[in-house]
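The values are calculated or read from the model by the stated rules, or taken from the named source; none is laboratory data. Treat the numbers as computed from the prediction; the structure is a model and nothing was measured. In this analysis, Cβ positions are derived from the backbone assuming ideal geometry, glycine residues included, and neighbour counts consider all displayed protein chains. Ligands, DNA and RNA are stripped out before the accessible areas are found, and what is left, the full protein with its side chains, is counted by its heavy atoms. Shrake-Rupley method; radii C 1.70, N 1.55, O 1.52, S 1.80 Å.
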Amino acid sequence: MNSPSTNTFSTDAFSADAFSAGPNGHRTRGRRGLSVLSLGAATLLALTACTSERSGTGAAAPGSGSPTKTVTIGTTDQVVSLDPAGSWDAGSGAIETEVYATLLSTRDGTTDVTPDLAASIELTSPKQYTVTLKPGLTFANGDPLTSADVKFSFDRQLRIADPNGPSPLLYDLASTAAPTPDTVVFTLKAANDSLFPQVLTTQAGIIVDHKVFPADKVLDDTSIVAAKPWDGQYAVTSYAKNSLATFTANSAYKGQLGTPKTSNIQLKYYTDASNLKLDVQQGAVDVVYRTLSIPDLESLTGKNGITVHTGSGNGIRFIVFDLKTQPYGSKTPQADPAKALAVREAVADSVDREQLAQQVYKNTYQPLYSSVPQGIAGATESLKPLYGDKQGGPSTAAAARVLSAAGVKTPVTLNLEYNTDHYGSSSTDEYALIKNQLESTGLFKVNLQSTLWSQYGTERVADQFPLYQLGWYADYLDADDYLSSFFAASSWVSNGYQDPAVDKLIAQEETEADPAKRVAEIEEIQDKVALTLPIIPLLQGSTAIVTRGGIGGVPATLTSAYVFRWADLTKS
Amino acid sequence: MTTTVELDPPPTAAPAAATGGGGGHGLLRYLVVRFLLIIPTVLVLVSVVFLLMRVAGNPITSAFGDRLTQAQLHAKLVQAGYERPLLSQYLDYLRGIATGNFGRTATDDTPVSQVLLTYGAATLELACYALFVAVLIGVPLGMVAARYRDRAPDVVLRLGAILSYATPVFFVGLLLKLVFAVWLGWLPDNGRAGIDVQLYLENQSSTTGVYLVDALRSGNGAAVEDVLRHAVLPGITLGLLVAGVLLRLVRTNLIGTLSTDYVEAARSRGVGGFRLISRHAARPALIPVITVMGLQIAGLLGGAVLTETTFEWKGLGYELAHYLTVRDYAAVQGIVALFAVIVAVTNFLVDVLAALIDPRVRY
């Protein structure tokens, strides 16, 4: 520590002479004049010595210019993992669906499933789907993509079963076989499972390179990017997690989605949505996909050079009744099924969905009258003719009638729980308005409480919340994803609802080969649960994409079946 | 105490050590004691972090909420070692830190040390900018305030100082962004560099992660300019947090020094104004400032969390905010522990610096 250099630096940096003005030619004083700068420079030089090697991708020097048009997409989503076995979230999924491929996929604003890496898929026996692969498939790194990779990918998902991963979607898969290099046979647990092809389009159905990914554990992002196991439309060219990632069209991809219209994509990550809004306004970002706040979207609408594309989304919001602990619930001292149903019906009569959509969500959300959102095949509006003014609006008179007829003493006390950190910042406004709507009838006294998400899930399944908020995003765009998840005996909601007739109908529609019959069964389930109201659907979420002028490829109005794919984007 | 010593104190420890007197041994003893004090300091800090993180439950349960079945949760807990007694976890944690192993993040299973290395450089860079801004603003304005003690400039500067450290850092950041990025359009509103420059710097054959250093090493003027333009607003935002403290400290110390005998003697010889301050009073007045600056490092790191989030500056503060949001307390624990180590080590370095400048400190 007593080295001359250290001492000289220390003295100079903080000496009184460092602040003297006036000319001087003295060597020491000259250094002192730059003492503050030298401190910073010394730090930077020390850092320079601590360099780390990185694999270069030959990025052009800034200002050198590039003739290739690049579309920059901004997002507030965050990536958990690039390994399809280790992630099942929107941020990871956004990249995975672009750089990996599946055997089947959906296309062009429809929910129809069509072959992607597969050449064909066939139900070869009641419990077996046989898939034939397209010839000559390869990964971006040159490895051939064969049935061995397909078998490996599905076996791996089930073996790892990571809590962050999508393996639960493969609930019906018993085994996967690869009898020939281009043939895969999936053996299922249930016969005639018409939903399995849908599952093949999800993150659980991504095909990975068996030479790159370990069979029994999730691979880290750095190793994945280095190995280039891409079989989707794009390949990753550089990757700084949750900061900036760049992509280029993958020439190895031979699936149905074709060659991207724009070869180069940059994906920039934001934490603060207002920064993202500023960047799209100032032109640093061309496209925003997930997620700007509703006030931000509202303020951008109509701005010169910016287009806000909106439409129905497939996310829904609803109130769940815990049938055990709700007023007059089965485990309460005053248990009375008729009165419990009357309370649920009266709540359904009293909520004003239009007001919620307009006042809280500025019409970016739409009223929802069934658990299956509009736009999904088989969706009905079963609640509409049954409750309120029978046209979708609320009715205090109807609520009063049903409570009076059941002999329920009013006001009914409702302990309503919501979440502040999982369903967006507007939840507080949403539930304040619901409390207001219910209490303004004079029929209810609402105790509104909120719980953080980390405790919310545990407490709700432990019957701690008599009524509570939940939301749902589809894994795949099929009505079953909105029915079996809520109303089957083993439902995710787990609120004590069980109806053997509904269970039977769900099992039927899941294995129904006739599409028309299946739609009828789906509608019947919605009508049945609308009568017993284990949940009250409130709102259907919206999809919003913001683009700057010159960006094409996003439909003016989005439907719930719309899938955002970078390959559709163009830049003029 | 003699006038000679006061007017011209030994500039470095080297001459004192070279005399062969007790100064060298004093310095060595002082440094050893100070260095050894780092160990209990760090131990206490990381222990407090460890215990506070456990108050919120174990990191696995916090991160995964209700997404795991009891069996899956148990398997995760066993894998991460959180099912073991607290003491055993604590000892393992200390062993890990001693070997640079801060554990793995609960949500994405990344080594925390990798997170620290990846994002630490960005935070260090921001802290350097902030210190630079703080010194650049705080020291000269402190001298001006002392020079015009209790007069209008002093009152205005003191008010400004109070405002600068009393105003929430995110508010200052948003205000600066609104004025200079949105209204005037002079500076970028977020990020450490433009996308092209970021890609260019990160794809160099070897990088430090400190963009300014990497840009300088590349010899690309456009990249240097871009990096500096992006640094202005976050650097000022975080720098102002410390500049106010620095201003008041410099002012107070200078006022004290200006009333000492040797400064009075200089004044009686006709030295006055800023010359009196800069030539005779500044140095002794600035020595305590160095010590306080060390303590301000903790404030800088705390301020970095909000500044980095406000400006999308992808550093440790930004990551800390992210991991707090997803309740990944394993990652939070690692980052906060590193902050604790940085604060302890910085204070040691500041003590060393103060001892080298002012031999009286060693005794």
> With (1) modelled with pLDDT under 70; (2) over 29 Å from the mean Cα position of the chain (by Cα) as the list, and B:ALA13 as the residue in question, which single condition is left unmet?
Replying inline: (2)
> Which pairs have Cβ atoms under 7 Å, sit 6 or more apart or on different chains, and link a residue in the stretch A:139-153 that is more than 14 Å from A:GLY255 (Cα to Cα) and at pLDDT below 95 to one that is open to solvent by less than 10 Å² (accessible area, probe 1.4 Å) and part of a loop (DSSP other than H, G, I, E, B)?
Replying inline: none
> Which members of the stretch A:492-514 meet the condition of being under 14 Å from A:VAL529 (Cα atoms) and either open to solvent by 30 Å² or more (accessible area, probe 1.4 Å) or not hydrophobic (A, V, I, L, M, F, W, C) (or both)?
Replying inline: A:ASN495, A:GLY496, A:TYR497, A:GLN498, A:ASP499, A:PRO500, A:ALA501, A:ASP503, A:LYS504
>> Only one of A:PRO537, A:PRO555 is farther than 30 Å from A:GLN266 by Cβ and either part of a helix (DSSP H, G or I) or not β-branched (Val, Ile, Thr) (or both). Can you tell me which?
In response: A:PRO537
> Can you name every residue in the stretch B:254-265 that is within 12 Å of chain A (Cβ to nearest Cβ) and not hydroxyl-bearing (Ser, Thr, Tyr)?
Replying inline: B:LEU254, B:VAL263
> Looking at (1) assigned to a helix (DSSP H, G or I); (2) closer than 30 Å to B:ILE277 by Cα; (3) open to solvent by 60 Å² or more (accessible area, probe 1.4 Å), can you tell me which one B:ARG149 breaks?
Replying inline: (1)
>> Pairs needed: first member in the stretch B:195-208, touching a residue at least 12 places away in the same chain (Cβ under 8 Å); second member anywhere, among the acidic types (Asp, Glu); C-beta distance under 8 Å; at least 6 residues apart or different chains.
In response: B:VAL197/B:ASP226; B:LEU201/B:ASP214; B:GLN204/B:ASP214; B:THR208/B:ASP214
>> If I go through the stretch A:77-112 residue by residue, how many of them are β-branched (Val, Ile, Thr), modelled with pLDDT of 90 or more and either open to solvent by 10 Å² or more (accessible area, probe 1.4 Å) or within 23 Å of A:THR559 (Cβ to Cβ) (or both)?
In response: 2
> Failed condition for A:THR307, given (1) in contact (Cβ under 8 Å) with a residue 24 or more places away in the chain; (2) outside any strand (DSSP E or B); (3) more than 14 Å from every other protein chain (Cβ to nearest Cβ); (4) over 20 Å from the mean Cα position of the chain (by Cα), with all others met?
Replying inline: (2)
> Do you know which of the residues in the stretch B:178-228 that are more than 8 Å from chain A (Cβ to nearest Cβ) and among the charged types (D, E, K, R) is farthest from B:TYR318 (Cα to Cα)?
Replying inline: B:GLU225
>> Please go through the stretch B:132-145 and give me each residue that is under 29 Å from B:ILE335 (Cβ atoms) and facing chain A (nearest Cβ under 8 Å), ordered by number.
In response: B:PHE132, B:VAL135, B:LEU136
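Listed here are the residues, each with its yes/no results for (1) more than 26 Å from the chain's Cα centre (by Cα); (2) over 30 Å from A:ASP112 (Cβ atoms).
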{"site": "A:THR410", "(1), (2)": "yes, yes"}
{"site": "A:GLU417", "(1), (2)": "no, yes"}
{"site": "A:SER427", "(1), (2)": "no, yes"}
{"site": "A:GLU430", "(1), (2)": "no, yes"}
{"site": "A:SER440", "(1), (2)": "yes, yes"}
{"site": "A:PHE444", "(1), (2)": "yes, yes"}
{"site": "A:TYR468", "(1), (2)": "no, yes"}
{"site": "A:SER484", "(1), (2)": "no, no"}
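For the stretch B:282-292, which residues satisfy the criterion of being more than 10 Å from every other protein chain (Cβ to nearest Cβ) and open to solvent by less than 50 Å² (accessible area, probe 1.4 Å)?
Within the stretch B:282-292, just B:VAL292 meets the criteria.
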> So is B:THR107 in contact (Cβ under 8 Å) with a residue 60 or more places away in the chain, within 10 Å of chain A (Cβ to nearest Cβ), in contact with a helix residue (DSSP H, G or I) (Cβ under 6 Å, 6 or more places away or on another chain) and of a type outside the set (A, V, I, L, M) or not?
Replying inline: yes
> Could you list, in sequence order, the residues of the stretch A:281-318 that are farther than 20 Å from A:HIS422 by Cα, open to solvent by 70 Å² or more (accessible area, probe 1.4 Å) and not acidic (Asp, Glu)?
Replying inline: A:GLN282, A:THR301, A:GLY302, A:LYS303, A:ASN304
